[in-house]
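To keep things clear, I will list the structure first and then write my remarks on it.
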Amino acid sequence: MATEQANMVGELADREWPDVTATERDRRWREVRWRMDLAGLDCLLVWGNESKWESALANNRYLTGRVAPGCVLFPLDGDPVIWSGFPHDVTKWGALAGGWVEDVRSGQSTTNNIVETLRDRGFANAAIGIVGFGETRPRVIPEAVPFQQFSHIASALDSARFVEAGWLIEQTRIIKGPEEVACIRKSAELAKAMADALIASARPGVRETEVYADMLHANLHGGGEEDMIWISSGAVPPPHGKRPPASHRVLEAGDIVVCEYHACYKGYLTGAEVSVCLGEPKPEYQRIHEVCVETQKSGIAAMKPGNLIEDAVHAFRKPIIDAGFGSVECGFHGHGLASPEFPSCMYGGTAGSWQKHAYARMPTIEFQPNMVFATASDIYDPDWNKDTGLMMGRTVLITADGPEEITGIPLEPEMIVV
């Protein structure tokens, strides 16, 4: 009986705390390596850093199973190598313990050691793929390849052929494996808990920083990792939340709080956008909210396997255009270990803005099962006040049966009033 109970506890823990195991490692390494083979690449050098709430570490984390800033050597055949951190970080008990790569080296004399290792592994005359970040559209995440280090490596290995290969891993990451989906679903539970914390915390007399802290606590207390929370408040809030830090402003009766945030579990992000009113909203805000609901329902319904990205983008935009409203952002972008991921389209259209930005381009790609997207409807009424509006967004998993909104945060016809 004791053994049976222990097994039941273990199974429950696995369901409550999904992880990314060696099974998923093998799946993604196979997916990356056949693409390397097709591209004629002998190895990859992958760089990542902690910019944009660690989104610029997505490729490193994807390959190594660890949060490992620095450089990763990923060969077509053989074992990877990580160069990251201080000497004490790479001990068996250090900050970089665990993960899937046994050969972890400190950042001391990194550049020379990378060159020596490439020579020792037979890559002095090889085709070497260079992976940074932000190479695919919409290019809103800074490039992560350090100029001086790369220049030294390229100069020391002048017979090697260096090829931009950021697309290769980012393409692999578009379709999530079963364990990734489980982690994203867990992250979505945390996103719901953060929304509940926002609604419970936003009251007259409470500071923005306190609301921020309560939302962050809900994420961390639920087993998550710290990520972004953009929040603004006021009787006339902006149509998009501000980056951290949250302000010390004290909320007042009649205020509206607009918030965009990520929940994060094992690095996997789910996004949500929520607007809350401290008291009954003005009719103008209620109407904007109704259009937010319409555009979310219309757009998400169009995110079906086989539909093109543009089908859903137009479905998101139509209620806004019909209402004569405008949007700061309206559409969706890929989600996973980073935000945004390809494919993305948030800007543009007759109801939008920045039509020439890369974020306005609609990639020619179909929705496929196990894609994940965050949506956004950041809407204003230009005939009333173009400097204020509301935010609404959710996270959608594409399944074989259609789109599934996974945060469970209701799309209420009436604005959330506290």
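Before moving on, here are some points about what is shown:
- Residue satisfying condition, being part of a strand (DSSP E or B), of a type in the set (F, W, Y) and modelled with pLDDT under 95, within set F342, F332: F342
- Checked against the criterion of being closer than 24 Å to P363 by Cα and in contact with a Phe, Trp or Tyr (Cβ under 9 Å, 6 or more places away or on another chain), the candidates G331, G267 yield just one match: G331.
- Evaluation of V328 against (1) within 28 Å of E252 (Cβ to Cβ); (2) touching a Cys at 6+ places or on another chain (Cβ under 8 Å) (one fails), failing number: (2)
- No other residue among A202, A213, A193 is in contact with a helix residue (DSSP H, G or I) (Cβ under 6 Å, 6 or more places away or on another chain), closer than 18 Å to R249 by Cβ and of a type outside the set (S, T, N, Q) apart from A202.
- Some residue of segment 12-23 being surrounded by 12 or more Cβ atoms within 10 Å (Cβ to Cβ), modelled with pLDDT of 95 or more, not aliphatic (A, V, I, L, M) and not in a loop (DSSP other than H, G, I, E, B): no
- Close Cβ contacts (under 6 Å, 6 or more residues apart or on different chains) running from residues in segment 150-174 that are touching a residue at least 24 places away in the same chain (Cβ under 8 Å) to residues that are charged (D, E, K, R) and part of a helix (DSSP H, G or I) comprise L168/R35; T172/E31.
- Yes/no for P138 being touching a residue at least 24 places away in the same chain (Cβ under 8 Å), touching a Ser or Thr at 6+ places or on another chain (Cβ under 8 Å) and exposed (fewer than 15 other Cβ atoms within 10 Å of the Cβ): no
- Taking the numbered list (1) modelled with pLDDT under 95; (2) within 21 Å of the chain's Cα centre (by Cα) in turn, L63 passes all entries but (1).
- Residue within segment 70-83 that is over 21 Å from L157 (Cβ atoms), in contact (Cβ under 8 Å) with a residue 24 or more places away in the chain and either touching an Asp or Glu at 6+ places or on another chain (Cβ under 8 Å) or crowded, with 20+ Cβ neighbours inside 10 Å (or both) present: no
- Hits in segment 178-203 - residues which are more than 16 Å from the chain's Cα centre (by Cα), of a type outside the set (D, E, K, R) and under 17 Å from T399 (Cβ atoms): P178
- Residues in segment 32-64 that are surrounded by fewer than 17 Cβ atoms within 10 Å (Cβ to Cβ) and more than 16 Å from A160 (Cβ to Cβ): W34, D37, L38, E50, S51.
- Failed criterion for I128 (all others in (1) assigned to a helix (DSSP H, G or I); (2) closer than 30 Å to P343 by Cα hold): (1)
Results for (1) out of contact with any Lys or Arg (no Cβ under 7 Å at 6 or more places or on another chain); (2) surrounded by fewer than 23 Cβ atoms within 10 Å (Cβ to Cβ); (3) modelled with pLDDT of 95 or more, shown as yes or no for each residue.
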position: R207; (1), (2), (3): no, yes, yes
position: S232; (1), (2), (3): no, yes, yes
position: E252; (1), (2), (3): yes, yes, yes
position: A263; (1), (2), (3): yes, no, yes
position: K266; (1), (2), (3): yes, yes, yes
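- Those residues of segment 72-89 which are at pLDDT 95 or above and either within 26 Å of H262 (Cα to Cα) or among the acidic types (D, E) (or both), in sequence order: D77, D79
- Test result for N385, assigned by TED's automatic domain parsing to the domain that holds A301, of a type in the set (S, T, N, Q) and over 25 Å from E170 (Cα atoms): yes
- Among the candidates S233, S247, residue that is part of a strand (DSSP E or B) and in contact (Cβ under 8 Å) with a residue 24 or more places away in the chain: S233
- Filter result (buried (at least 17 other Cβ atoms within 10 Å of the Cβ) and not in a loop (DSSP other than H, G, I, E, B)) within segment 345-363: C345, Y359, A360
The values are calculated or read from the model by the stated rules, or taken from the named source; none is laboratory data. What you see is a predicted model, and the numbers here were worked out from it, not measured in a lab. FYI the Cβ positions are ideal-geometry reconstructions off the backbone, even for glycines, and counts take in every protein chain you see.
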